[in-house]
Amino acid sequence: MSQNLPASFATCDLCDLHKGDTWGNFRVLPPVFKSYGGLQKFCGPVVTVKCFEDNSPVKAAVESPGEARVLVVDGGASLRRALLGGNLGAAAAKNGWAGVVIDGCVRDVAELAQCQTGIRALASIPLPTERRQAGLRDIAVQIQGVWVRPGDWLYADEDGIVVMPAPPQG
């Protein structure tokens, strides 16, 4: 986690703090994501990628400096191809990504568990993607019906995943 973040947080506490939000600034992702990475708890500013059954933009992102950010991947909720595997999970950890949240699948589950980064996805499947260099980066995406924008802050722990425009003050 970045040094300018609180040493600890709990998504339940963040929900209690923001339960009166009527503007939609505070968002909670549905409880459909499983944890695959070595870290259960992670947070940071969001970088987004949108791709469908092609992990080219995911590879490009995790091979670049993460700077304690969280990569949010709109994979169209596809359960047919894995957008992140052991090699890309290791690259995310090595390059300083706080976490990766994928609206889609991963593979190499045993390898991902060894990666010192947070990784959440819908499921695992052994089938890789075809790399066609297709996808978009740094755009607003919908993850399970919830809007996530570049620069939002994402917090994930054992209870769930929440997103807000800025880190909590105080």
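So which residues in region 149-170 are of a type in the set (A, V, I, L, M, F, W, C) and either part of a strand (DSSP E or B) or open to solvent by less than 40 Å² (accessible area, probe 1.4 Å) (or both)? Within region 149-170, TRP153, LEU154, ALA156, ILE161, VAL162, VAL163, MET164 qualify. Filter region 53-89 down to residues that are closer than 19 Å to SER124 by Cα, touching a Leu at 6+ places or on another chain (Cβ under 9 Å) and open to solvent by 30 Å² or more (accessible area, probe 1.4 Å), then give me how many there are. Here the count works out to 5. For region 28-52, residues that are open to solvent by 30 Å² or more (accessible area, probe 1.4 Å) and of a type in the set (A, V, I, L, M) total 3.
Kindly establish whether ALA134 is out of contact with any strand residue (DSSP E or B) (no Cβ under 8 Å at 6 or more places or on another chain), closer than 23 Å to LEU88 by Cα and open to solvent by less than 50 Å² (accessible area, probe 1.4 Å). Yes; evaluated as a whole, the condition is true for this residue. Residue under question is GLY99, and the condition is that it be surrounded by fewer than 19 Cβ atoms within 10 Å (Cβ to Cβ) and closer than 21 Å to GLN144 by Cα; does it hold? It is false that GLY99 is surrounded by fewer than 19 Cβ atoms within 10 Å (Cβ to Cβ) and closer than 21 Å to GLN144 by Cα. Of these, ALA77, ALA93, ALA113, which one is in contact with a Cys (Cβ under 8 Å, 6 or more places away or on another chain) and of a type in the set (Gly, Ala, Ser)? It is ALA93. Only strands (runs of 3 or more DSSP E) whose full extent lies in region 73-148 are considered here, and the ones with at least 2 residues that are closer than 19 Å to GLN40 by Cβ and out of contact with any helix residue (DSSP H, G or I) (no Cβ under 6 Å at 6 or more places or on another chain) are 99-106, 118-124. Scanning region 46-68 for residues that are of a type in the set (Val, Ile, Thr) and in a strand (DSSP E or B) gives VAL46, VAL47, THR48, VAL49.
The values are calculated or read from the model by the stated rules, or taken from the named source; none is laboratory data. Keep in mind that this is a model prediction, so the values were computed, not measured. Cβ sites come from the backbone with ideal geometry, for glycine too, and all protein chains shown count toward neighbours. These accessible areas exclude ligands, DNA and RNA; they are computed on the full protein's heavy atoms, side chains included. Shrake-Rupley method; radii C 1.70, N 1.55, O 1.52, S 1.80 Å.
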